Number of protein chains: 2
Amino acid sequence: MRLAVVGVGAVGASVVELAGEYGHEVVAVADSTGGAVDDSGLYADAVFDRKRTEGTVGDADPESVFDADYDVLVEATPTTLGDAEPGFSHVRRALADDRHVVLANKGPVAERYDELRTLEAESAGTVLFEATVGGAIPVLSTIADLNGQVTAARGILNGTANFILSRMAAEGLGYEHVLAEAQDLGVAEADPTFDVEGTDAALKCVILSNVLYEDSYTLADAEVEGIADLPGSALELAAEDGRTIRLVGEVSPDGVRVGPRLVAENGTLAVSGTLNIVQLETTHAGRLNISGRGAGGPETASAVLADIGRLPDTV
Amino acid sequence: MRLAVVGVGAVGASVVELAGEYGHEVVAVADSTGGAVDDSGLYADAVFDRKRTEGTVGDADPESVFDADYDVLVEATPTTLGDAEPGFSHVRRALADDRHVVLANKGPVAERYDELRTLEAESAGTVLFEATVGGAIPVLSTIADLNGQVTAARGILNGTANFILSRMAAEGLGYEHVLAEAQDLGVAEADPTFDVEGTDAALKCVILSNVLYEDSYTLADAEVEGIADLPGSALELAAEDGRTIRLVGEVSPDGVRVGPRLVAENGTLAVSGTLNIVQLETTHAGRLNISGRGAGGPETASAVLADIGRLPDTV
């Protein structure tokens, strides 16, 4: 496949770097300030060199990528809420041109799912978004594969929050202390709001709900509570009872809920560090648990590249 | 799809029972003593009634199922070693007639993989066998989906052995005592050799190796040690060190090994009871863990039915 990659953060850059290994070719790349197009294929090293030396991937207008001869748009710009722009417009443009779209950006899938499906229905292109839920973990493909048999989902879908809760419980440290440590390690961002307030986990749960029940939920429909106000004493009390606290997302026909929950200390949901886990309840196969790396450039890019492998060959 | 189901044990019976729910129709059924064919579709209840009252699913020759107008052979006879008969002949017959084959029987895939792939290549039919590894857990479809990125696998692939080891560790009881308890509960069979000697887990690992590396391994190529001689004192020693013992199967380019191994007491591999777990090592996505029910009629049948959903529509 010939890829146009928009957004060259950790995930987009890894897609550019690994595409060749998966048998694909990158013919266009854009970040917020510039673009580069070469129908005979771009070299990853040249793209990254220019980004490092000139601060942008290319001199061309970022919009010029849409004029390239590409098969698949990889939308890897940062997730935005509400109108999910500029990601949504990128997706609309590619679908209008009958191209496939693979998203790492959660915004369009969580905030404008109905419109996304409508645009897809009017296009010859297909939309896939495995990378938006659980990073490297094949959650959506497993749900698709189980073909209507998944009835509900539950999981730990934010590695930053899970790292903080794991460390608080293991070391008896307070929230602010562990957050600062996580920021030093690069596990938490300078502004950790998105992760610790539960927003990121809620977006993933909204996407799961939309896929499982053909809902048209948005973030506003989710009941969300974060971990920033959780006192260390709550974790100590839980430990006395053989339990611990995790930021759990729950997706059921009753709705989407994210919040701190008591879980068994050595139970399946109590994954440690930045790991993510998803539990799927099925009609006849019992409960399936899938855990792995929920974030990271190459890990999330591998989900994008798996999606590209699932696309119909031609549009 | 129109199904011919051969073998009506727990798995085959569940396939017959659930097929309609997945949009398929059973047109032929056979057990070792008889067969029933109806091109307009068999009723599950009628099949089971006859099996209960007359001891067989039908008066016809079991071989008559191959003359039915079917799309997919579901091979669910008991796993046999060596020549893997009669399962292998059933598969050969269906492929020679250009029909698809979905196996729950591990024998033909573990013992005659090369021949199976050769017959498939000469046929218009496709062969799938998700149910042979890890019951309800979508192991093989995940490997296929990751498209060459899985480099090695490790797992707990026998629920009976895992139940025995879990109980021995939790209760401080000896092997013979727990085995008798497992037999009372129906978790272990009257002759538990296949499970406790590691044969069943080894067959699954051989299948994984054949799929991952296009090997043509058989059970004879696996290094297998069971749990029957494991003293309770070994579990006590492990517990003093925060560890426990599990029957672990390992699949790597170096070969297939199954045996009792020390694992972290609260680690990912230490699933409890009859659960199974598979760990997949990947090139760029880190380690994926998938756990769930590794046995059971409806659970394993759901893997068979998922395979049927993956088949190309027409042969």
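The values are calculated or read from the model by the stated rules, or taken from the named source; none is laboratory data. This structure is a prediction, so every number in the text was calculated from the model and none was measured. As a convention, Cβ positions derive from the backbone with ideal geometry for all residues, glycine included, and neighbour counts pool all protein chains shown.
Okay, residues lined up against (1) under 22 Å from residue A:278 (Cα atoms); (2) away from chain B (no Cβ under 14 Å):
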| position | (1), (2) |
| --- | --- |
| A:126 | no, yes |
| A:129 | yes, yes |
| A:140 | yes, no |
| A:152 | yes, yes |
| A:173 | no, yes |
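Screening residue B:220 on (1) within 19 Å of the chain's Cα centre (by Cα); (2) closer than 22 Å to residue B:277 by Cβ; (3) surrounded by fewer than 21 Cβ atoms within 10 Å (Cβ to Cβ); (4) not polar (S, T, N, Q) shows it passes everything except condition (2). Checked against (1) assigned to a helix (DSSP H, G or I); (2) buried (at least 19 other Cβ atoms within 10 Å of the Cβ); (3) out of contact with any Gly (no Cβ under 9 Å at 6 or more places or on another chain); (4) not assigned by TED's automatic domain parsing to the domain that holds residue B:93, residue B:188 passes all but a single condition, namely (1). Of everything in the stretch B:154-171 that is within 14 Å of chain A (Cβ to nearest Cβ) and of a type in the set (Gly, Ala, Ser), the residue that is nearest to the chain's Cα centre (by Cα) is B:159. Taking the stretch A:272-315 as the range and being charged (D, E, K, R), touching a residue at least 24 places away in the same chain (Cβ under 8 Å) and at the interface with chain B (Cβ under 9 Å from one of its Cβ atoms) as the test, the residues that pass are A:293, A:299, A:310. The sole residue among B:115, B:122, B:111 that is among the acidic types (Asp, Glu), farther than 14 Å from residue B:282 by Cα and either buried (at least 20 other Cβ atoms within 10 Å of the Cβ) or within 14 Å of chain A (Cβ to nearest Cβ) (or both) is B:111. Exactly one residue among A:176, A:181 is loosely packed, with under 14 Cβ neighbours inside 10 Å, in a helix (DSSP H, G or I) and in the same structural domain as residue A:146 (by TED's automatic domain parsing), and that residue is A:176. Here the condition is being outside the structural domain of residue B:209 (by TED's automatic domain parsing), of a type outside the set (Phe, Trp, Tyr) and in contact with a helix residue (DSSP H, G or I) (Cβ under 9 Å, 6 or more places away or on another chain); of B:159, B:87, B:148, it holds for B:87 alone. Quick check, is residue B:136 small (Gly, Ala, Ser), part of a loop (DSSP other than H, G, I, E, B) and away from every other protein chain (no Cβ under 14 Å)? In short, no. Selection of the stretch B:62-81 for residues being outside any loop (DSSP other than H, G, I, E, B) and under 23 Å from residue B:23 (Cα atoms) yields B:65, B:66, B:67, B:72, B:73, B:74, B:75. Of all residues in the stretch A:1-37, those that are surrounded by fewer than 24 Cβ atoms within 10 Å (Cβ to Cβ), touching a residue at least 60 places away in the same chain (Cβ under 8 Å) and over 22 Å from residue A:189 (Cα atoms) total 6.
Residues in the stretch A:1-37 that are acidic (Asp, Glu) and either under 19 Å from residue A:63 (Cβ atoms) or within 13 Å of chain B (Cβ to nearest Cβ) (or both): A:17, A:21, A:31.
Return only the number of the condition from (1) over 16 Å from residue A:99 (Cα atoms); (2) surrounded by 24 or more Cβ atoms within 10 Å (Cβ to Cβ); (3) of a type outside the set (Val, Ile, Thr) that residue A:75 does not satisfy. Unmet condition: (1).
Of the residues B:41, B:134, B:58, which is of a type outside the set (S, T, N, Q) and farther than 24 Å from residue B:312 by Cα? Going through B:41, B:134, B:58 in turn, the sole match is B:58. Check whether at least one residue in the stretch A:161-184 is touching a Lys or Arg at 6+ places or on another chain (Cβ under 6 Å) and over 29 Å from residue A:211 (Cβ atoms), and report yes or no. Yes.
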